[in-house]
Amino acid sequence: GGGDPAPTPTPPPTVSVATLVKKAWTASSAQWDGVVKYDKTSTSNVVQGYSQYKLDLSTAGSVTLTEFDGKIFTGTYTVATDGLSLTLNGLTSAEGAPTGTGGTISYTILSTPTATGLSLQQTTAYVKASSAIVKLALVNP
C-alpha cells in the first residue's frame, strides 16, 4: 500500500525584480564614496541637484535618466536574471553620453526592491560625481 506522498506546498508567487523596478524613481539620498551628498529631508545638501534626479524605468527596457546636473539621458535597461544588478545601456542626450560612461552605467541592486524603495550602487567610479562610487536610495512615489 503506502499512502501518497505529502503534497508539495506551493510557494507564494515571487514578483521578479524586473517587475519591482518598473516605475519612476526619485532620490531619497545619495552618497559619494560613502559621504552623504544629498538627503531629501535636509535643507543643506552638498549636491542639491539630486532633488531633480529621476530614474524612470516605468517602460520595460526603456530608461530615462535625469541626472543631478539636470541633463536628461535616454537609453535601454536590463535587470540581471538573478535580480542583483541593473544596467543602463546606450545612454544619450543632446550632448552625448554621460561623461566617462561610454553610454553604459551599471548598478548593483543592494537589496530586493520594495513597492516604494530601490537601493543602487554604481559598480564603477562615476566621472560626473568627482569619480566617486555613487550609492543611491531611490523612492517611489
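Comparison of Thr66, Thr99 shows that the only residue that is of a type outside the set (Phe, Trp, Tyr) and more than 28 Å from Thr41 (Cα to Cα) is Thr99. Of the residues that sit in the stretch 111-128 and are assigned to a loop (DSSP other than H, G, I, E, B) and over 24 Å from Asn140 (Cβ atoms), which one is least open to solvent (accessible area, probe 1.4 Å)? Ranking the qualifying residues of the stretch 111-128, first place goes to Ala125. For the stretch 13-45, the tally of residues that are open to solvent by less than 50 Å² (accessible area, probe 1.4 Å), hydroxyl-bearing (Ser, Thr, Tyr) and farther than 23 Å from Leu84 by Cα stands at 2. When the stretch 97-110 is examined, which residues are found to be more than 11 Å from the chain's Cα centre (by Cα) and either of a type in the set (D, E, K, R) or open to solvent by 10 Å² or more (accessible area, probe 1.4 Å) (or both)? Matches in the stretch 97-110: Ala97, Thr99, Gly100, Thr101, Gly102, Thr104. Taking the criterion of being in contact with a Phe, Trp or Tyr (Cβ under 8 Å, 6 or more places away or on another chain), closer than 23 Å to Thr104 by Cα and of a type in the set (Val, Ile, Thr), the residues of the stretch 32-69 that qualify are Val47, Val63, Thr64, Thr66.
Residues that are in a loop (DSSP other than H, G, I, E, B), of a type in the set (Ser, Thr, Tyr) and in contact with a Ser or Thr (Cβ under 9 Å, 6 or more places away or on another chain): does the stretch 19-40 have at least one? No: zero hits.
The values are calculated or read from the model by the stated rules, or taken from the named source; none is laboratory data. The model shown is predicted, which means the values in this text are computed figures rather than measured ones. No Cβ is skipped: glycine too gets one built from the backbone with ideal geometry, and neighbour counts run over all protein chains shown. To get the accessible areas, we keep the full protein, side chains included, count just its heavy atoms, and leave off ligands, DNA and RNA. Shrake-Rupley method; radii C 1.70, N 1.55, O 1.52, S 1.80 Å.
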